[in-house]
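Trainee: One structure, as structure tokens, below. Some questions next.
Read-outs throughout are calculated quantities, based only on the coordinates presented, and are distinct from any laboratory measurement. Quantities reported herein were computed from a predicted structural model and do not represent experimental measurements. Counting neighbours? That spans all protein chains shown, and the Cβs are built from the backbone with ideal geometry, glycine included.
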């Protein structure tokens, strides 16, 4: 065989094997780092027990995952986007523009958001109002808005320990921050009466716009270093609390449950966050967790239907499954989700 | 003569040679001071290095040893192979849940046989002594050896739970277990008794090097297998592409190209590219290789191509320096005896520059090996459990890389992953050390000085 022939045949073999490998036989998903541990637990169990390959799970954030999801249909795009907040209209529009029209929305459980401090520190019992008065930029005092001057927690609420205020809250790129803003800060803003004061002087064409402006004013936090945005993961918040034992951090319930020997959790409105109290709706700060599936990929990517069925099955997402053991709050309406997934129901327009 | 012998009557040196004057003392003091600065600077650097290495090694060395539980296991045929065919395809229907029950029974029997009391512990707590990976270990073993069903394995090794493992490594204590929702002091006491009875023990953990990643619930099972393979595949792509392209570019620019505006422009751009932040190459890779060329996500081929782009300028620059260091007399002599330009370059200049080029190549590869940022954008920062296939098809299978594995382990919630991440850093450091050592040896052996 001449050198030319040898080269040509080698190239041909390489090309054939390359195209053979290009037909993807593993599921690919990306998105929220909150959903990541649950997705990896399911992927691992799926790979162990099924005749399919273990799905690949990327993290990178809910927004980034949905953006990737909406890049188009085909084997070099991902099949599933994991998200700790609901898909937005602009995502759906982007998806539609790129040919991703049929999207299945699957809510597989809830995640609690907890406030925790160093294990050796004092106990904290918060209300949303305490949080707003502690880290809001402007607070209501005697019927007027004044700049927040509280330096210790007992100045906010006499029942709290006399410890300097220092809060590590998730940065704005996190899905957790959105929940913190709406369920803690805005709720606290309304409780303390600051919301009404903001509303009174809000400018806007109609009531809706005024309400929006007032909420935005509520979400303006003080910038004098008492409230610190953490852009990294919960591990970074934990490290910062270990270095600064007076601080209070915001964590996911599952992260706290894996670090109960280092962290002491605070109650909100007198309720201790547990999987049960979040499931019953007693603990106020929680959010649903979703994943989104491209219907066009069902039947094309081997094992995709089996994987999503397995994800929402009672063995996985049920109250006695490994996800609940890790800290997922099971969805009381899981049976409905299972039906929708089995039937391949496509999500309707956002309401 | 008189001029020479005449002493410098009113010269600069007035005092005795044996007694230092003011100026000399000052100069000597300045020299001593400077040496002191140097020693201080070096000791600061050495201290920083020592602190880094001590912290990484003290946190990471435990990852190389793992606690295992060794117990006899009955494999009842009526539970694991109802069909009786011993066909692993049929037996695969029994999931890990079925195997977990078999293991729990075996563990209870083993504890009873050794007289270890588990009073006051729930079934879940007893099962919690073992890793959630244990049923998968047994299932894989049984499916690979279907004939063992119906018999009894006298000694089967299973992974212990990460918290139990942490207890024997000093990460978990009785005090912390009281507060820990994942382990109780009673469990640790049983674990201690099991160790005394010889059912549990630590040994070197090959699985840390060979096993794939594991989920958040199983830090004890997580390994670097996929990451090492992924890094290896990427380095192969980088080597195969950047060595010929880089050397060809350097040879052409240094030996053949005429000096004009265009070559100057190229030169400036190469120097510029070498300083571009690596994440930029990731963005480029996403746009060109995945979105335009349609290559798969998370694949070592894309990672390798991106790292090639990043490494090329870092190879061309030292390669050109090596070519430049070959004295012109070599070229002149070759041309003088009638060699063509190409012959003079390939027969004489390139072989003499080869050690320098190779050194630059290896250092470029070492940099590429430690790179994370560009891989973030092309989907290689991911949870991948299946090994990529053999070459060349495996280049298109999903994989991760060593530095990426370090990054993703540091973000995990379970404290067991801290040890894993430090262990992965040690493995990465060993690879880098080997590559840099090879570069130094090559340089020492083959470098020629003129």
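Trainee: Can you check how the C-alpha radius of gyration of the stretch A:198-323 compares to 2.2 N^0.38 Å, as a plain ratio?
Mentor: Against the empirical 2.2 N^0.38 Å value, I get 1.50 for the stretch A:198-323.
Trainee: On C-alpha positions alone, give me the angle between the axis of helix A:234-243 and the longest principal axis of chain A, in degrees, nearest 10.
Mentor: Taking the Cα atoms of chain A, the angle to A:234-243 is about 40 degrees.
Trainee: What is the projected area of the convex hull of the Cα atoms of the stretch B:26-74, averaged over all directions, in nm²?
Mentor: Answer in nm², one decimal: 4.1.
Trainee: Rule-of-thumb check for the stretch A:200-267: C-alpha Rg over 2.2 N^0.38 Å?
Mentor: Output field value: 1.58.
Trainee: In the stretch B:172-231, how does Rg compare with the Kirkwood Rh, expressed as the Rg/Rh ratio over alpha carbon atoms?
Mentor: 1.11
Trainee: In nanometres, what is the gap between the two model label sites at residue A:96 and residue A:243, each 7 Å from Cα along Cα-to-Cβ?
Mentor: Rounded to a tenth, the inter-label distance reads 4.7 nm.
Trainee: Next up: Give me the one-decimal nm value for the distance between modelled label points at residue B:51 and residue A:314, 7 Å along each residue's Cα-to-Cβ direction.
Mentor: Placing both labels 7 Å beyond Cα along the Cβ direction yields 5.7 nm.
Trainee: Using only Cα atoms, tell me the angle between helix B:416-446 and the longest principal axis of chain B; keep it within 0 to 90° and round to the nearest 10.
Mentor: The two axes meet at around 40 degrees.
Trainee: Right, something else. Test of understanding: what is the full-extension gain from residue B:276 to residue B:292, defined as 0.36 nm times their sequence separation minus their Cα-Cα distance?
Mentor: Additional length available on full extension: 3.5 nm.
Trainee: Let's test the formula: R0 of 35 Å, r as the Cβ-Cβ distance of residue A:211 and residue A:123. What FRET efficiency results, to the nearest 0.05?
Mentor: My answer for the efficiency is 0.45.
Trainee: R0 = 35 Å: FRET efficiency of residue B:340 with residue B:240, Cβ-based, nearest 0.05?
Mentor: According to the calculation, E is roughly 0.75.
Trainee: From largest to smallest, what semi-axes in whole angstrom does the protein assembly as shown give when each is the square root of 5 times an eigenvalue of its alpha carbon gyration tensor?
Mentor: 52, 39, 32
Trainee: Treat the count of other C-beta atoms within 10 Å as a stand-in for reagent exposure and order A:314, A:142 from fewest to most.
Mentor: A:142, A:314
Trainee: When only alpha-carbon atoms count, how far does the stretch B:229-290 stretch along each of its three principal axes, as whole angstroms with the largest first?
Mentor: Sorted from largest, the Cα extents of the stretch B:229-290 read 43, 22, 19 Å.
Trainee: Identify which of B:405, B:192, B:343 has the largest mean-square fluctuation in a Gaussian network model of chain B, with springs joining Cα atoms closer than 10 Å.
Mentor: Result for chain B, Cα springs under 10 Å: B:343 fluctuates most.
Trainee: Using square roots of five times the C-alpha gyration tensor eigenvalues, list the equivalent-ellipsoid semi-axes of the stretch B:62-205 in whole Å, biggest first.
Mentor: Semi-axis lengths for the stretch B:62-205 are 29, 15, 14 Å.
Trainee: In what sequence, highest mean first, do A:48-59, B:234-245 appear when ranked by Cβ atoms within 10 angstrom?
Mentor: A:48-59, B:234-245
Trainee: Within 10 Å of each Cβ of A:251-260, how many other protein chain Cβ atoms are there on average?
Mentor: That average works out to 4.
Trainee: Using just the C-alpha positions of the stretch B:405-450 as equal point scatterers, what log10 of I(q)/I(0) does the Debye formula give at each q in 0.29, 0.32, 0.33 1/Å?
Mentor: So the normalised log intensities work out to -0.93, -1.02, -1.05.
Trainee: With N set to the number of residues, divide the alpha-carbon radius of gyration of chain B by 2.2 N^0.38 Å and report two decimals.
Mentor: 1.43
Trainee: Just the projected area, averaged over all directions, of the convex hull on the alpha carbon atoms of the stretch B:225-446: how many nm²?
Mentor: One quarter of the hull surface, i.e. the mean projection, equals 14.1 nm².
Trainee: Can you tell me the relative contact order of chain A? Whole percent, Cα pairs under 8 Å, sequence separation 6 or more.
Mentor: It rounds to 25 percent for chain A.
Trainee: How much length, in nm to one decimal, is gained on full extension between residue B:174 and residue B:192, taken as 0.36 nm per residue of separation minus their Cα-Cα distance?
Mentor: 5.3 nm
Trainee: Between rounded, prolate and oblate, where does the stretch A:122-244 land on the alpha carbon gyration tensor, with a ≥ b ≥ c its root eigenvalues, rounded for a/c under 1.5, else prolate if a/b exceeds b/c?
Mentor: oblate
Trainee: Shielding by partners for B:174-180, please: the mean number of other protein chain Cβ atoms within 10 Å of each residue's Cβ.
Mentor: Other-chain Cβ atoms within 10 Å of each residue's Cβ, averaged: 3.
Trainee: Could you tell me the convex hull volume per residue, in Å³, taken over the Cα atoms of the stretch B:329-442?
Mentor: Taking the convex hull of the Cα positions in the stretch B:329-442, it is 151 Å³ per residue.
Trainee: Then there's this: At what distance in nm do the modelled label points of residue B:16 and residue B:97 sit from each other, each positioned 7 Å from its Cα along Cα→Cβ?
Mentor: 10.1
Trainee: Right, here's the next one. Compute the long axis of helix B:185-196 from its Cα atoms, compare it with the longest principal axis of the Cα atoms of chain B, and write down the angle in degrees, 0 to 90, nearest 10.
Mentor: Taking the Cα atoms of chain B, the angle to B:185-196 is about 80 degrees.
Trainee: Give me the inter-chain shielding for B:216-222: mean count of other chain Cβ atoms within 10 Å, whole number please.
Mentor: Per residue, the number of nearby Cβ atoms from other chains is 4 on average.
Trainee: Bin width 10 Å, origin at 0, all Cα-Cα pairs of the stretch B:376-432: what percent of pairs per bin?
Mentor: 22, 45, 30, 4
Trainee: Could you tell me what a quarter of the Cα convex hull surface of chain A works out to, in nm² with one decimal place?
Mentor: Spelled out: convex hull of the Cα atoms, projected over all directions, averaged, 23.3 nm².
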